[in-house]
Amino acid sequence: MILFYAAGASSLAPHILLRETGAPFTLERVDLATKRWRNGDYREVTPKAYVPALRLDDGDILTECAVILSYIADQAPGQGLMPLAGSRARYHACAWLNFLATEIHGNFITPDRHGGVAANFLANTAEGQAASRALVAPRLDYIDRMLNGRRFLTGESFAAPDAYLFVMLTWALRIELDLAPWARLADYFARIAARPAVSMARQIEGPPHALKP
Ligand SMILES: N[C@@H](CCC(=O)N[C@@H](CS)C(=O)NCC(=O)O)C(=O)O
(Lines give C-alpha, C1' and ligand atoms only; values in the text may rest on other atoms or scores of the structure.)
Protein backbone atom coordinates (compact mmCIF):
# COMPACT_ATOMS: atom_id res chain seq x y z
CA MET A 1 0.00 0.00 0.00
CA ILE A 2 1.10 3.55 -0.66
CA LEU A 3 -0.26 6.41 1.43
CA PHE A 4 -0.15 9.82 -0.27
CA TYR A 5 0.16 12.48 2.40
CA ALA A 6 1.10 16.04 3.27
CA ALA A 7 2.75 16.75 6.60
CA GLY A 8 0.19 17.29 9.36
CA ALA A 9 -2.78 17.09 6.98
CA SER A 10 -5.76 14.76 7.50
CA SER A 11 -3.58 12.06 5.93
CA LEU A 12 -1.80 11.88 9.31
CA ALA A 13 -4.84 9.92 10.58
CA PRO A 14 -4.44 6.97 8.18
CA HIS A 15 -0.68 7.22 8.67
CA ILE A 16 -1.20 6.73 12.42
CA LEU A 17 -3.63 3.88 11.86
CA LEU A 18 -1.28 2.09 9.48
CA ARG A 19 1.44 2.25 12.15
CA GLU A 20 -1.02 1.02 14.79
CA THR A 21 -1.80 -2.05 12.67
CA GLY A 22 1.78 -2.81 11.67
CA ALA A 23 0.69 -3.30 8.03
CA PRO A 24 3.40 -2.85 5.38
CA PHE A 25 3.10 0.47 3.55
CA THR A 26 5.15 3.24 2.01
CA LEU A 27 4.62 6.98 2.16
CA GLU A 28 4.63 9.44 -0.73
CA ARG A 29 4.65 13.12 0.10
CA VAL A 30 2.47 15.42 -2.01
CA ASP A 31 3.09 19.13 -2.47
CA LEU A 32 -0.46 20.45 -2.21
CA ALA A 33 0.41 23.87 -3.58
CA THR A 34 1.85 22.51 -6.84
CA LYS A 35 -0.04 19.18 -6.87
CA ARG A 36 3.24 17.40 -7.57
CA TRP A 37 4.67 14.30 -6.02
CA ARG A 38 7.94 12.44 -6.59
CA ASN A 39 6.68 10.85 -9.84
CA GLY A 40 4.80 13.77 -11.34
CA ASP A 41 1.32 15.20 -11.35
CA TYR A 42 -0.70 14.14 -8.31
CA ARG A 43 -3.93 14.70 -10.28
CA GLU A 44 -3.04 11.54 -12.19
CA VAL A 45 -3.15 9.64 -8.89
CA THR A 46 -6.50 11.16 -7.97
CA PRO A 47 -8.37 13.88 -9.85
CA LYS A 48 -9.62 15.07 -6.45
CA ALA A 49 -6.05 16.34 -5.95
CA TYR A 50 -6.26 16.15 -2.18
CA VAL A 51 -4.78 13.89 0.44
CA PRO A 52 -5.16 11.31 1.80
CA ALA A 53 -5.21 8.77 -1.00
CA LEU A 54 -4.31 5.13 -0.48
CA ARG A 55 -3.03 3.09 -3.41
CA LEU A 56 -3.71 -0.59 -2.87
CA ASP A 57 -1.37 -3.30 -4.08
CA ASP A 58 -3.60 -3.97 -7.12
CA GLY A 59 -3.39 -0.29 -8.15
CA ASP A 60 -6.86 0.69 -6.97
CA ILE A 61 -7.00 4.11 -5.27
CA LEU A 62 -9.09 4.80 -2.19
CA THR A 63 -9.90 8.37 -1.19
CA GLU A 64 -11.79 10.11 1.65
CA CYS A 65 -10.18 9.97 5.05
CA ALA A 66 -13.08 8.24 6.82
CA VAL A 67 -13.22 5.51 4.16
CA ILE A 68 -9.47 4.96 4.16
CA LEU A 69 -9.50 4.65 7.95
CA SER A 70 -12.27 2.05 7.76
CA TYR A 71 -10.34 0.11 5.13
CA ILE A 72 -7.11 0.08 7.13
CA ALA A 73 -8.96 -1.00 10.28
CA ASP A 74 -10.70 -3.81 8.39
CA GLN A 75 -7.35 -5.14 7.16
CA ALA A 76 -6.41 -5.82 10.78
CA PRO A 77 -9.41 -7.76 12.10
CA GLY A 78 -8.97 -8.62 15.74
CA GLN A 79 -7.26 -5.33 16.60
CA GLY A 80 -10.63 -3.72 17.34
CA LEU A 81 -9.93 -0.58 15.30
CA MET A 82 -13.42 -0.75 13.75
CA PRO A 83 -16.24 -2.98 15.02
CA LEU A 84 -17.35 -5.84 12.77
CA ALA A 85 -19.43 -4.92 9.72
CA GLY A 86 -23.11 -5.47 10.46
CA SER A 87 -22.78 -5.02 14.22
CA ARG A 88 -24.61 -2.18 15.95
CA ALA A 89 -21.27 -0.92 17.22
CA ARG A 90 -20.10 -0.56 13.62
CA TYR A 91 -22.81 1.98 12.89
CA HIS A 92 -21.89 3.99 15.97
CA ALA A 93 -18.24 4.03 14.89
CA CYS A 94 -19.31 5.05 11.35
CA ALA A 95 -21.37 7.86 12.87
CA TRP A 96 -18.21 9.16 14.55
CA LEU A 97 -16.23 8.98 11.31
CA ASN A 98 -18.99 10.78 9.45
CA PHE A 99 -19.34 13.41 12.17
CA LEU A 100 -15.61 14.06 12.12
CA ALA A 101 -15.54 14.32 8.32
CA THR A 102 -18.52 16.63 7.95
CA GLU A 103 -18.81 18.57 11.20
CA ILE A 104 -15.16 18.94 12.17
CA HIS A 105 -12.86 18.38 9.18
CA GLY A 106 -15.19 20.25 6.82
CA ASN A 107 -15.40 23.20 9.15
CA PHE A 108 -11.64 23.59 9.29
CA ILE A 109 -11.37 23.85 5.53
CA THR A 110 -10.93 27.38 4.28
CA PRO A 111 -12.99 28.56 1.33
CA ASP A 112 -9.74 29.55 -0.44
CA ARG A 113 -9.67 27.06 -3.28
CA HIS A 114 -6.63 25.76 -5.06
CA GLY A 115 -8.82 24.77 -7.97
CA GLY A 116 -11.03 21.80 -8.82
CA VAL A 117 -12.64 20.04 -5.90
CA ALA A 118 -9.56 20.44 -3.70
CA ALA A 119 -9.58 23.01 -0.94
CA ASN A 120 -6.71 24.31 1.13
CA PHE A 121 -7.17 22.76 4.52
CA LEU A 122 -6.45 25.41 7.14
CA ALA A 123 -7.06 29.11 6.83
CA ASN A 124 -3.87 31.14 6.73
CA THR A 125 -5.47 34.45 7.65
CA ALA A 126 -6.60 35.70 11.06
CA GLU A 127 -10.19 36.06 9.80
CA GLY A 128 -10.25 32.59 8.31
CA GLN A 129 -8.88 31.06 11.49
CA ALA A 130 -11.43 32.93 13.61
CA ALA A 131 -14.20 31.60 11.35
CA SER A 132 -12.95 28.02 11.77
CA ARG A 133 -12.69 28.47 15.55
CA ALA A 134 -16.28 29.70 15.69
CA LEU A 135 -17.54 26.70 13.73
CA VAL A 136 -15.43 24.05 15.42
CA ALA A 137 -15.67 25.11 19.09
CA PRO A 138 -19.36 24.15 19.63
CA ARG A 139 -18.68 20.77 18.06
CA LEU A 140 -15.77 20.23 20.44
CA ASP A 141 -18.20 20.98 23.29
CA TYR A 142 -20.30 18.07 22.08
CA ILE A 143 -17.31 15.70 21.80
CA ASP A 144 -16.08 16.69 25.25
CA ARG A 145 -19.49 15.77 26.70
CA MET A 146 -19.43 12.45 24.87
CA LEU A 147 -16.03 11.64 26.41
CA ASN A 148 -17.57 11.72 29.88
CA GLY A 149 -16.84 8.27 31.35
CA ARG A 150 -15.02 6.85 28.35
CA ARG A 151 -11.39 6.97 27.35
CA PHE A 152 -11.90 6.90 23.58
CA LEU A 153 -14.70 7.89 21.23
CA THR A 154 -16.14 4.42 20.84
CA GLY A 155 -15.35 3.10 24.32
CA GLU A 156 -12.34 1.94 26.27
CA SER A 157 -9.94 1.21 23.44
CA PHE A 158 -8.32 3.28 20.71
CA ALA A 159 -10.07 2.93 17.35
CA ALA A 160 -10.13 4.46 13.86
CA PRO A 161 -12.24 7.53 14.81
CA ASP A 162 -9.66 8.42 17.48
CA ALA A 163 -6.90 8.71 14.88
CA TYR A 164 -9.11 11.14 12.95
CA LEU A 165 -10.13 13.24 15.95
CA PHE A 166 -6.53 13.41 17.16
CA VAL A 167 -5.44 15.04 13.90
CA MET A 168 -8.37 17.45 14.05
CA LEU A 169 -7.24 18.48 17.54
CA THR A 170 -3.72 19.16 16.25
CA TRP A 171 -5.40 21.52 13.77
CA ALA A 172 -7.37 23.19 16.56
CA LEU A 173 -4.09 23.88 18.32
CA ARG A 174 -2.53 25.18 15.12
CA ILE A 175 -5.21 27.83 14.78
CA GLU A 176 -4.83 28.70 18.44
CA LEU A 177 -8.00 27.05 19.66
CA ASP A 178 -6.92 26.26 23.21
CA LEU A 179 -8.17 22.87 24.46
CA ALA A 180 -7.93 23.87 28.13
CA PRO A 181 -11.68 24.68 28.47
CA TRP A 182 -12.42 21.06 27.48
CA ALA A 183 -10.67 19.10 30.21
CA ARG A 184 -11.69 15.66 28.92
CA LEU A 185 -10.63 16.54 25.41
CA ALA A 186 -7.28 17.90 26.62
CA ASP A 187 -6.63 14.63 28.54
CA TYR A 188 -7.71 12.62 25.54
CA PHE A 189 -5.31 14.52 23.29
CA ALA A 190 -2.38 13.91 25.66
CA ARG A 191 -3.26 10.22 25.96
CA ILE A 192 -3.29 9.72 22.21
CA ALA A 193 -0.18 11.84 21.61
CA ALA A 194 1.73 9.46 23.90
CA ARG A 195 0.98 6.38 21.79
CA PRO A 196 4.16 5.13 20.07
CA ALA A 197 2.48 4.88 16.65
CA VAL A 198 1.29 8.46 16.94
CA SER A 199 4.60 9.96 17.97
CA MET A 200 6.42 7.98 15.29
CA ALA A 201 4.02 9.12 12.55
CA ARG A 202 4.34 12.76 13.64
CA GLN A 203 8.10 12.53 13.83
CA ILE A 204 8.36 10.99 10.36
CA GLU A 205 6.08 13.60 8.78
CA GLY A 206 7.92 16.47 10.44
CA PRO A 207 6.60 19.96 10.91
CA PRO A 208 3.19 20.54 9.34
CA HIS A 209 2.43 22.94 6.54
CA ALA A 210 3.10 26.54 7.47
CA LEU A 211 -0.15 28.44 7.84
CA LYS A 212 1.15 31.95 7.45
CA PRO A 213 2.17 32.92 3.93
N1 LIG B 1 -13.13 15.09 1.66
C2 LIG B 1 -11.73 14.83 1.83
C3 LIG B 1 -11.02 16.13 2.18
C4 LIG B 1 -9.53 15.94 2.24
C5 LIG B 1 -8.81 17.26 2.46
O6 LIG B 1 -9.40 18.26 2.82
N7 LIG B 1 -7.51 17.24 2.22
C8 LIG B 1 -6.71 18.45 2.33
C9 LIG B 1 -5.61 18.25 3.35
S10 LIG B 1 -6.26 17.81 4.92
C11 LIG B 1 -6.06 18.70 0.99
O12 LIG B 1 -5.37 17.84 0.48
N13 LIG B 1 -6.31 19.87 0.40
C14 LIG B 1 -5.79 20.19 -0.88
C15 LIG B 1 -5.13 21.54 -0.94
O16 LIG B 1 -4.85 22.12 0.12
O17 LIG B 1 -4.91 21.99 -2.04
C18 LIG B 1 -11.51 13.77 2.91
O19 LIG B 1 -12.35 13.64 3.80
O20 LIG B 1 -10.51 13.04 2.83
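The values are calculated or read from the model by the stated rules, or taken from the named source; none is laboratory data. These numbers were taken from a predicted model, which means no experiment stands behind them. Glycine gets a Cβ as well: all are built from the backbone with ideal geometry, and neighbour counts include every protein chain shown. Note: accessible area is taken over every heavy atom of the protein model, side chains too, but ligands, DNA and RNA are not part of it. Shrake-Rupley method; radii C 1.70, N 1.55, O 1.52, S 1.80 Å.
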Once Rh for region 2-78 is found with the Kirkwood sum over Cα pairs, what is the Stokes-Einstein diffusion coefficient at 4 °C and 1.567 mPa s, in µm²/s? 104
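Quick one: with all protein chains in place, what share of the accessible area of region 2-78 is carbon or sulfur, to the nearest percent (1.4 Å probe)?
Numbers: 1550 of 3270 Å².
Reported share for carbon and sulfur atoms: 47 percent.
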Taking the C-alpha atoms of the chain, convex hull volume expressed per residue in Å³: 119
Max mean-square fluctuation residue, GNM over the chain, Cα-Cα springs under 10 Å, options HIS15, HIS92, HIS105: HIS92
Under a crude label model (7 Å from the Cα following the beta-carbon direction), how far is VAL67 from GLU156 in nanometres? 3.5
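If you take every residue apart from PRO83 with its C-beta less than 15 Å away from the C-beta of PRO83, what net charge results, scoring Lys and Arg +1 and Asp and Glu -1?
For residues surrounding PRO83, the net value is 0.
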At a 1.4 Å probe radius, carbon and sulfur cover how many percent of the accessible area of region 137-213? 55
Averaging 1/r across every pair of distinct alpha carbons in region 88-195 and inverting yields a Kirkwood hydrodynamic radius, in angstrom, of 14.4
Suppose we keep just the DSSP beta bridges with both residues in the chain; what percent of those would be antiparallel, to 5? 75
Apply the Karplus parameterisation 6.51 cos²θ - 1.76 cosθ + 1.60, with θ equal to phi minus 60°, to every residue of region 151-158 and state each ³J(HN,Hα) to the nearest whole Hz, in sequence, with x for glycine and proline. 7, 10, 4, 9, x, 9, 10, 4
GNM on the chain, C-alpha springs below 10 Å: top fluctuator among PHE158, PHE108, PHE25? PHE25
